[in-house]
1. Of 141, 520, 164, which is farthest along the charge dipole of the chain in the positive direction, counting Lys and Arg as +1 and Asp and Glu as -1 at C-beta?
2. In nm, to one decimal, how far is the modelled label at residue 271 from the one at residue 82, with both set 7 Å along Cα→Cβ?
3. Rolling a 1.4 angstrom probe over the protein heavy atoms, how many square angstrom per residue are accessible across region 78-135?
4. Quick one: Karplus J couplings for region 245-253, per residue in order, coefficients 6.51, -1.76, 1.60, θ = phi - 60°, nearest Hz, x for Gly and Pro?
5. Assuming 0.36 nm per residue, please report the length gained on full extension of the stretch residue 222 to residue 92 beyond their Cα-Cα distance.
6. If you average the sequence gap of Cα pairs under 8 Å that are 6 or more apart and divide by the length of region 109-257, what percent do you get for the contact order?
7. Taking the Cα centre as origin and putting +1 on Lys and Arg beta-carbons and -1 on Asp and Glu beta-carbons, what dipole magnitude results for region 367-420, to the nearest 20 debye?
8. If I model a spin label as a point 7 Å beyond the Cα along the Cα-Cβ vector, how far apart are those points for residue 510 and residue 279 in nm?
Amino acid sequence: MLIPCCLMFFVFNLKTEIRAQIRFSDVTEAAGISHQFRVYEGMFGGGACVFDINNDGYEDLYLTSGMNNDQLLLNQKDGTFKNIFEGSGLESTNEYATQGVSGADVNRDGWVDLFITTINKKGNKTGIPRAENLLFINNGNNTFRNATKEYGINDLYSFSTGGSFGDFNADGYPDLYVGNYFLEYDGPLTEINDATIVNASKTAEGYLLLNKDGKRFKNVYKEYGLDHRGFGFGGVFTDYDNDGDQDLFINNDFGYKAKPNYLLRNNYPKESFTYVEKETGMDLRINAMTTAVGDYDNNGYLDYFVTNIKFNRFMVNQGAGKPYKDMSKELGMSMFTISWGANWADFDQDGDLDLFVSNGDLNPNCVPMGDFLFENINGHFQENARAAGINDYGMGRGSVVFDFDNDGDMDVLVVNQKPIKDYPMPSITKLYRNDSTHGNWLKVALVGTQAEKHGIGSRVKIVLGKSQMIREIDGGGSSHLSQNSTIAHFGLGNATVIDSVIVTWTGGNRQVLLNQAANQTLTVVEVGSIKKKQSPYYLGAIFLALFVVFLVLKHLKPKFITR
């Protein structure tokens with residue numbers, strides 16, 4: 001029986017190899033990337049941000065490094081990157097143990113700025129809260145200036161993890177949500193476990209930072225009705241209910257011992273959020289690390305893959321007014337591991353979304369865990385990371401997807417930590433080039449004139465015959481402590497012409513472009529004036545005023561008659 005069993009195993013794996021169409025090549029060294037995140041204490045960090053520093057059409061990278069120096073990687077347009085960190089004006093980050101990073105055009109001058117979260121200053125063994133987060137304004141010449149104090153966030157001392165940009169008041173200026181992990185904690189971070197979490201009871205509030213005309217940020221956490229606390233790993237702005245404004249989904253660690261995940265419905269134009277996690281089934285009591293946002297079944301409703309320790313959750317939208325359902329088991333995604341980053345992309349460009357998941361043990365345990373690649377095959381998922389050449393066993397944390405070589409398909413970068421203990425294999429940041437056999441594609445780059453400059457918070461939908469696909473442009477949070485490309489990517493299969501490209505801008509503007517050719521990067525510039533939603537309170541005030549005028553005129557009517 002041994003030979004037939006071995007033969008069966010071989011045939012099964014052969015079939016898997018033949019069936020899988022997704023292929024990646026490790027081009028880290030060839031691309032000139034040499035990076036490793038070194039932890040301050042324990043498991044925390046790190047992240048990556050995809051952005052175009054100089055608006056040359058090739059996307060660049062910012063990598064946080066914890067106790068090592070961060071890196072600013074300029075795309076050289078030939079498949080390589082150059083670290084231009086020294087002399088960039090970002091050197092003050094060397095004083096801090098950096099964690100996550102995200103980017104947006106904070107002051108609407110046409111250049112992407114950077115927000116970097118920190119947990120401490122290097123060598124500073126004080127208790128928590130420990131340090132401020134950092135905001136750097138892009139000067140437009142590959143350099144930045146530290147604007148942390150100028151924008152009023154220098155006095156927000158905290159233990160921060162992930163920062164995410166969004167535009168929750170739809171004024172065109174990107175706002176921020178920042179996740180905080182501890183309110184107070186004096187012990188070493190290497191000792192974090194269930195017992196210390198329960199005994200600490202020091203869960204922290206986040207920050208909801210409203211952008212005031214591109215000149216400063218104001219923390220409106222309480223003003224907008226937020227009162228939650230938790231061991232926060234940040235959140236993501238997303239329109240879960242398809243009503244045109246940006247809601248907020250919060251990821252909390254140790255949700256089963258402390259506070260669960262939270263889903264907040266945006267009540268725009270009213271300046272408030274409402275907690276709806278219980279009625280939507282999104283109050284997950286897990287170790288939530290991040291949430292990847294995508295419409296896996298192309299039904300027009302966004303679904304949410306939430307990474308976790310042990311088993312991840314895939315929360316599938318069941319339709320308007322219905323609670324979300326965890327379908328990880330039914331769809332073939334229930335696997336035991338410790339996951340952090342997660343990224344939806346149509347890697348084989350066949351018209352549906354696949355999912356990359358970065359895995360890694362907690363420092364200092366240091367048990368190797370391979371990454372996942374879930375290939376979408378007719379609405380069901382098959383884990384094909386080994387066959388695709390992307391099952392790295394480093395200590396993965398943040399991950400991003402972007403088209404670094406501008407060949408039309410989506411590549412992957414994974415930030416790996418330096419293990420504290422001996423480790424049987426390299427654990428360094430990896431760049432994987434997508435070499436898949438794939439179909440046609442379309443990339444859509446947004447240029448907002450009234451909405452956020454790069455379309456953060458906006459949606460792009462394409463229509464191909466009877467099928468449709470949507471992409472939501474997020475400003476970070478749809479991967480652990482990281483931010484993916486803001487350029488929407490679609491796989492088209494054999495289609496050569498897209499019937500329509502529909503952009504719904506944050507604020508309500510809508511544009512339709514017909515009969516667009518495949519295999520191009522389409523730049524859409526916002527046109528038209530945004531029609532703001534009118535608050536019911538505002539409309540009520542108008543009605544009341546008109547009613548008062550009516551009564552006054554009715555009272556004065558006899559006087560008009562006698563004249």
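1. Value: 164.
2. 4.7
3. Ligands and nucleic acids excluded, the result is 31 Å² per residue.
4. My calculation for region 245-253 gives 10, 8, 8, 9, 10, 9, 9, 10, 6 Hz in order.
5. 43.7 nm
6. For region 109-257, the relative contact order is 20 percent.
7. In total the dipole reaches around 420 debye.
8. Computed distance between label sites residue 510 and residue 279 equals 2.5 nm.
The values are calculated or read from the model by the stated rules, or taken from the named source; none is laboratory data. Just so it is clear, the model here is predicted, and its values are computed rather than measured. When we count neighbours, we look across all protein chains shown, and the Cβ atoms used for this are built from the backbone with ideal geometry, even at glycine. Note: accessible area is taken over every heavy atom of the protein model, side chains too, but ligands, DNA and RNA are not part of it. Shrake-Rupley method; radii C 1.70, N 1.55, O 1.52, S 1.80 Å.
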